[in-house]
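One structure below.
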Amino acid sequence: MFVLLTEPVLLFSLTAVYAYWLLIFTFVGMYRAWFASSRFDEMTTLFKATFVGIFLLFFLILYDDASHNVVSSSRFLIIIYWVLLLTFVGTGRILLRSIQRRLLINGFGRKNALIVGYNKKAFEMHNTIDTHKALGLDVIAFVGVSDENVGKIHNNVKVVDTIKNIKTVIEKYNISEIILALEKHEGDIMLDVVAACDFNNVSIKIMPDLYEIISGQARTSQLYGAPLINISSELMPEWEKKIKRLMDIVISILILIFSLPIIIITSVAIKLESAGPIFYRQERSGLNGKVFRMIKFRSMRSDAEKLSGPVWSTKDDPRITKIGRFIRKVRIDEIPQMINVLSGAMSLVGPRPERPFFVEKLSQEIPFYKRRLKVRPGVTGWAQVKHKYDENVEDVKEKLRYDLFYIENMSLSNDLKILFRTVFVVIFGQGHFN
């Protein structure tokens with residue numbers, strides 16, 4: 001009888017411990033696909049992750065003992081548990097990485113790489129890749145900046161074309177990895193190349209200028225000593241995407257349920273103040289440019305853009321009604337967007353969706369602007385908690401920097417940080433959600 005009673009408890013405990021470490025490892029990035037990660041770096045990260053996890057467990061046990069006025073040996077056993085955990089998990093990871101490296105060296109899972117540029121930097125990178133087969137990369141070709149380099153050969157690899165035809169080269173040679181090794185004065189060209197290559201899940205890596213590395217302006221990863229800025233093609237692992245979507249569904253449902261009284265009061269107030277619909281539906285560009293209708297409480301006159309056409313709203317916009325000004329200040333107007341989140345058109349966290357008219361206009365003026373469309377737009381985002389209203393193109397450019405930073409560093413932990421900061425922003429009436 002005792003065994004039968006304890007078995008469910010034991011199963012629950014094991015499941016809870018597994019979920020606990022899964023959560024810890026997720027938040028420190030242990031499950032991300034690291035590019036050319038060394039085993040030493042992986043063990044260092046594992047040590048930090050388990051130290052934090054054990055530290056929390058130690059104080060939970062200490063609190064439990066203190067609340068029951070007992071002194072147990074559990075707090076001492078936790079140290080032994082940490083040593084065993086670190087040993088077994090570390091050994092397993094080193095073994096798996098070693099097998100992975102051996103398979104790559106023997107030709108399994110290798111990727112075709114393209115180096116953009118034909119100069120000293122490009123030659124050094126080519127030599128590094130050739131020397132370290134465990135990277136799993138095969139340099140298939142060079143792409144030059146000018147026509148004069150086409151046809152030249154370095155270490156049996158040819159300059160097959162110029163950057164003007166880079167899309168054709170990528171498709172022809174089945175390229176998975178692109179390394180940009182351009183000179184400092186070719187910065188403008190670099191923007192065009194990255195924009196042209198940003199498709200078909202091609203991973204892009206940039207060799208930064210030495211000044212950018214020293215000044216800390218570039219966050220780099222290491223490819224056997226060669227620093228690279230990684231513009232990841234896989235913005236978020238598939239399993240993280242599923243958890244993010246689950247979070248969107250659960251939280252949006254809870255917000256709609258608990259804010260129902262606010263929704264009713266706001267609807268009545270809007271209807272009493274001015275003629276027109278309660279809700280405002282506007283076309284916005286979503287994931288991969290797909291247009292959807294974003295829902296908000298109406299905060300402007302119903303004919304706000306009748307004469308002006310599509311224009312950005314401003315902080316003290318005269319078209320905003322009295323009720324509209326209040327619901328904007330406390331962000332009540334955003335609540336109906338939970339319906340967009342439930343439908344999958346939006347996420348809780350992501351770049352704010354822009355109108356198709358402005359997307360086309362801004363993409364012609366600002367490089368990378370359409371990269372925002374690679375992720376599902378959000379109710380809130382890093383740009384919304386860090387910047388002010390979009391009143392001109394310069395504001396949009398500034399916000400784009402924050403959006404691109406979020407996109408390149410997408411993770412569940414960053415989403416939670418942004419959600420918490422959004423609460424702070426709403427309380428103090430800062431930020432902007434257009």
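Brief remarks follow.
- The order of the peptides 20-28, 176-184 by mean Cβ neighbours within 10 Å, most packed first, is 176-184, 20-28.
- Burial order of peptide ranges 411-421, 257-267 (average beta-carbon count within 10 Å, highest first): 411-421, 257-267
- Flagged links, alpha-carbon separation over 28 Å, of Lys158/Lys374; Lys241/Lys399; Lys242/Lys374: Lys158/Lys374
- Peptides 353-359, 92-98 ranked from most to least packed, by the mean per-residue count of other Cβ atoms within 10 Å: 353-359, 92-98.
- Rounded, prolate or oblate (a/c below 1.5 giving rounded, otherwise prolate when a/b exceeds b/c) for segment 238-428 by Cα gyration tensor: oblate
Every number in this text was worked out from the coordinates using simple rules, so none of it is lab data. The structure displayed is predicted, hence computed values, not measured ones. Please note: Cβ atoms are built from the backbone with ideal geometry, for glycine as well, and neighbour counts cover all protein chains shown.
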